[in-house]
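Since the structure comes first, as structure tokens, the remarks are kept for the end.
The values are calculated or read from the model by the stated rules, or taken from the named source; none is laboratory data. Owing to the predicted nature of the structure, the values given are computational and were not obtained by experimental measurement. Using ideal geometry, Cβ is built from the backbone for each residue, glycine included, and neighbour counts are taken over all protein chains shown.
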Amino acid sequence: MKYKTIVADPPWQYKNKKTGKKHLKEIANYKMFSHGYSVAFELLVKEKAFWKIIDSAEGVYGIHFSLHSPNLFGADEEADNALKELQKIFNNNRAEFDLSNDQAKLKVPKERIKSFQEYADKGGGYWKISVQKNNRRRTHRSSEQALTVTVEAEERANIETLKQVLYEFLKKDNHEI
């Protein structure tokens with residue numbers, strides 16, 4: 001069985017990224033709930049993965065976005081502002097929306113979708129795309145396109161240390177922050 005090391009020293013290993021994400025969320029929320037905060041971890045996605053899937057598809061059946069609000073790690077400003085406005089009105093901490101076409105003829109204008117896709121790709125949520133390829137319906141998830149990194153940190157590392165590690169990681173892989 002293949003394991004991914006999420007955090008080293010002590011080495012915590014998980015069968016998959018979803019399990020690691022869930023464990024990190026539990027650890028962070030154990031301390032943060034008492035201060036009135038909720039923490040969610042989403043995977044960082046390989047740059048351009050979303051558009052490679054869209055561009056190589058014969059047709060698009062649907063796109064689903066699930067986005068957290070707010071995102072502390074420099075997600076797309078346009079999407080962040082839209083999500084903050086929704087949060088002011090509804091007091092939500094997540095927004096989800098679907099776009100679909102039963103005949104795989106969904107139009108996906110980059111200028112209209114890009115801000116939400118980048119927001120999700122930078123840890124602000126996730127996406128799912130249903131496409132037609134080789135005359136078959138296939139579903140792709142952002143979690144399948146996740147970046148992997150091993151972080152060495154002390155057990156009591158604070159949020160600023162974690163933030164700095166993530167910023168350095170994003171810079172190293174040529175992602176905008």
Problem - Residues (closer than 14 Å to Gly125 by Cα and in a loop (DSSP other than H, G, I, E, B)) located in region 75-91 - result: Ala75, Asp76
Practice task
For Lys84, indicate whether it is within 14 Å of the chain's Cα centre (by Cα), modelled with pLDDT of 70 or more and either over 28 Å from Gln132 (Cβ atoms) or not assigned by TED's automatic domain parsing to the domain that holds His140 (or both).
Solution key: no
Handout entry: Cβ-Cβ under 7 Å pairs, at least 6 apart or on other chains, region 104-116 side assigned by TED's automatic domain parsing to the domain that holds Ala49, far side in a helix (DSSP H, G or I) and buried (at least 16 other Cβ atoms within 10 Å of the Cβ)
Key = Val108/Ile54; Ser115/Ala79; Phe116/Ala79
Fill in the blank from the handout: Exception for Glu118 within (1) surrounded by fewer than 12 Cβ atoms within 10 Å (Cβ to Cβ); (2) over 15 Å from Gly62 (Cα atoms); (3) modelled with pLDDT of 85 or more falls at (1)
